[in-house]
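Below is one structure, written out as structure tokens; comments come after it.
The values are calculated or read from the model by the stated rules, or taken from the named source; none is laboratory data. This is a predicted model, so every value here is computed, not measured. Here the Cβ positions follow ideal geometry from the backbone for every residue, glycine too, while neighbour counts run over all protein chains shown. All accessible areas refer to the heavy atoms of the entire protein, side chains included, with ligands and DNA or RNA removed. Shrake-Rupley method; radii C 1.70, N 1.55, O 1.52, S 1.80 Å.
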Amino acid sequence: MSSTHLLFQASIATAEQMSALGEKVARVLAAGDLVVLIGLLGAGKTTFTRGVGKALEVEGNVSSPTFVIARTHKRGENPPLVHVDAYRLKSPAELDDLDIPFSTSIVLVEWGKGLTEGIADNWLEITIERDSLAQSENRSVKIVGFGERWAGIDL
């Protein structure tokens, strides 16, 4: 079992704050990093990813790749950002069939829980939960790092 590290836990009140959190996380990401985003529809996974894309200065608009499943955003000579929407994938084998270059990219996978195990020894898991009664726009966000890569990382 890999070690776990709680890197962040807070309430996020606005889309701007969610995007800013994505920008903050982007500052610690490097080639080979896998980020698994967990949350219901409308939780803010893509808004978070837009913030990551902005901070990494990716080419193209960061939007949910629901129909194409995976979208690669180039960054000049830097490792690309690969944004995956695994909502329609049924198994880890289907994710593997996408031939994503995990070791040379920064990969964010929406709906990846249960599909990404075994891909990397180190990964981030970002859980975004909405107010279950939808009475507010607040989101509870928890970021946990798995593996030694995330030991000592300060967000």
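If you count only protein heavy atoms with a 1.4 Å probe, what accessible area per residue comes out for the chain, rounded to a whole Å²? Each step should come with its number before you reach the end.
Details: 8090 Å² over 155 residues.
That works out to 52 Å² for each residue.
Give the relative contact order (percent, whole number) for the chain; include only Cα pairs under 8 Å separated by 6+ residues. Mind dumping the intermediate values first?
Values: 328 pairs, mean separation 55.6, N = 155.
Reported as a whole number, the value is 36 percent.
Considering the convex hull of the alpha carbon atoms of region 1-71, report its projected area averaged over all viewing directions, in nm², one decimal.
On the way: hull surface 24.2 nm².
Orientation-averaged projected area of the Cα hull: 6.1 nm².
Which of the chymotrypsin sites (Phe, Trp or Tyr not before Pro) across region 91-155 are loop residues per DSSP, with 13 or fewer other Cβ within 10 Å?
none
I want the antiparallel fraction of DSSP beta bridges within region 68-155, as a percent rounded to 5.
On the way: 13 of 18 bridges.
Around 70 percent antiparallel, to the nearest 5.
Largest first and in whole Å, give the semi-axes of region 102-155's equivalent ellipsoid, each being the square root of 5 times a Cα gyration tensor eigenvalue. Please list the in-between numbers first.
Details: eigenvalues 131, 43, 17 Å².
The answer is 26, 15, 9 Å, longest axis first.
How big is the convex hull of the Cα atoms of the chain, per residue, in Å³? Walk me through the numbers on the way to the answer.
Working: hull volume 17.0 nm³, N = 155.
For the chain, the hull spanned by Cα atoms encloses 110 Å³ per residue.
What percentage of the solvent-accessible surface of the chain, computed with a 1.4 Å probe over protein heavy atoms, is contributed by carbon and sulfur atoms? Before the final figure, lay out each step's value.
Details: 4080 of 8090 Å².
Carbon plus sulfur share of accessible area: 50 percent.
Ile69: net charge of surrounding residues, Cβ under 14 Å, Lys/Arg +1, Asp/Glu -1, itself excluded?
On the way: positive: Arg71, Arg88, Lys90; negative: Asp85, Glu94, Asp96, Asp97, Asp99, Glu110.
Net of charged neighbours comes to -3.
Just in region 46-115: which GluC sites (Glu not before Pro) are loop by DSSP and have at most 16 other Cβ atoms within 10 Å? Mind dumping the intermediate values first?
Values: sites: Glu57, Glu59, Glu77, Glu94, Glu110; in loops: Glu57, Glu59, Glu77.
Within region 46-115, the qualifying GluC sites (Glu not before Pro) (loop, at most 16 other Cβ atoms within 10 Å) are Glu57, Glu59, Glu77.
So what J values fall out for region 50-60 if you push phi through Karplus, 6.51 cos²θ - 1.76 cosθ + 1.60 with θ = phi - 60°, rounded to Hz, Gly and Pro as x?
4, x, 4, x, 4, 5, 7, 6, 6, 7, x
Ignoring everything except DSSP H segments at least 4 long, calculate the 222 nm mean residue ellipticity for the chain; use -39,500 (n - 2.57) per segment, divide by total residues, nearest 500.
Working: 3 runs with 29 residues, N = 155.
Result for the chain: -5500 deg cm²/dmol, rounded to the nearest 500.
Using 7 Å Cα-to-Cβ label points, what is the Leu98/Ala15 separation (nm, one decimal)?
Taking the simple label geometry, Leu98 and Ala15 are separated by 2.3 nm.
Roughly what % antiparallel, to the nearest 5, for the DSSP beta bridges in the chain?
Details: 21 of 34 bridges.
Around 60 percent antiparallel, to the nearest 5.
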